[in-house]
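Worksheet: one structure, shown below.
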């Protein structure tokens, strides 16, 4: 095995982060190769030093009065209340949107029905005469047929 | 025991939550110090972390590891803090007061000096490299757990670890060669 390959994997080997096969290959190589062993020891010593110092620091952080400060910053409501409230608001918003859509649809239908009824009433009472057809093209023939209902006339356009 | 505490806290028991905070505050602050680089800022990050924990506690699945979840929130809060501060690098060393130590003053001074050196070296790493190194090597999480906390694949964590360890070794060799005396010629 080439030293370059071994050295490339030494940083992960030092932290035991390589798979078993690679680790075994490197262990065997390190037992034979002095320069790679030195490199490994340097990486290992640096890592151990940094870890040792940082662990000392991590565990000497005084706990101060974190809770004393924190207790005034905590939300007054129960844990997760804001999340539940958000979820509730989102659900309510969806329901409201659905209701609004249904009501709008119903309003449109009712309005058009009312409009139709008013028009029919006006025509029957003779207050309004609907425009049946208005064609200016001389090639178009307009044929009208009377029906039993005086308010209804059938109109055919033939070109 | 811890599960009972968490369940009580989920139901709104403030005493149980206080116990959880007291139990984990040192480790959370320690992790935040190493990521954000300043003790006073780390306390802010720790507070923010516990507020988020309080807020999202009911959504936590008690069958999962609380410690990993807490660390994930701490890392996210630290990243958010660094982004908010518009610097994705650790703060200058002057802002890091030495840790409180008991014992001899000379020892304390030497310890502070060593830690200053370590922070100087760590500041040259990128934030993800530093975080991966701290979580894996200092706090002893596995690669998979580190990946879960950092929200990235295990391969990426290994890559960060590889570069972090390699860079530390190179920096120690160039800046503090006396430290490696007897090993490297």
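Given contacts defined as C-alpha pairs under 8 Å and at least six residues apart, what's the relative contact order of the range A:3-58, whole-number percent? If you can, show how the numbers build up before the last one.
On the way: 21 pairs, mean separation 22.1, N = 56.
Once divided by the residue count of the range A:3-58, the mean separation gives 39 percent.
Give the calculated FRET efficiency between residue A:56 and residue A:28 to the nearest 0.05, with a Förster radius of 41 Å applied to their Cβ-Cβ distance. Don't skip to the end; give the middle numbers.
Numbers: r = 35 Å, r/R0 = 0.85.
Computed FRET efficiency for residue A:56 and residue A:28 comes out at 0.70.
Can you work out the FRET efficiency for the pair residue A:20 and residue B:178, with r the C-beta to C-beta distance and R0 = 35 Å, to the nearest 0.05?
On the way: r = 36 Å, r/R0 = 1.04.
Efficiency at R0 = 35 Å is approximately 0.45.
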Label residue A:113 and residue B:14 with points 7 Å out from Cα along Cα→Cβ: what is the distance between them in nm? 5.8 nm
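Using Cα-Cα distances under 8 Å and only pairs 6 or more residues apart, what relative contact order does the range B:1-94 have, in percent? All intermediate terms of the calculation are to be shown ahead of the outcome.
Details: 76 pairs, mean separation 29.0, N = 94.
Over the range B:1-94, the number comes to 31 percent.
Given N residues in the range A:3-58, what is Rg(Cα) / (2.2 N^0.38 Å)? Please list the in-between numbers first.
Numbers: Rg = 12.3 Å, N = 56, 2.2 N^0.38 = 10.2 Å.
That works out to 1.21 for the range A:3-58.
For residue A:72 and residue B:142, what does the FRET efficiency come to when R0 = 30 Å and r is the distance between their Cβ atoms, rounded to the nearest 0.05? Walk me through the numbers on the way to the answer.
Values: r = 37 Å, r/R0 = 1.24.
Efficiency, from the Cβ-Cβ distance: 0.20.
Ranked highest first by average number of other Cβ atoms within 10 Å, how do B:42-54, A:4-16 line up?
On the way: B:42-54: 22.5, A:4-16: 18.4.
Top to bottom by mean Cβ count within 10 Å: B:42-54, A:4-16.
By how many nm would the segment from residue B:61 to residue B:152 grow when fully extended, if each residue of separation counts as 0.36 nm and the alpha-carbon distance is taken off?
Working: separation 91, 0.36 × 91 = 32.76 nm, distance 2.07 nm.
Gain on stretching residue B:61 to residue B:152: 30.7 nm.
Readers should treat all values here as calculations from the given coordinates under stated rules, not as data from a laboratory. Note that the structure is a prediction, hence the values are computed from the model and not measured. When we count neighbours, we look across all protein chains shown, and the Cβ atoms used for this are built from the backbone with ideal geometry, even at glycine.
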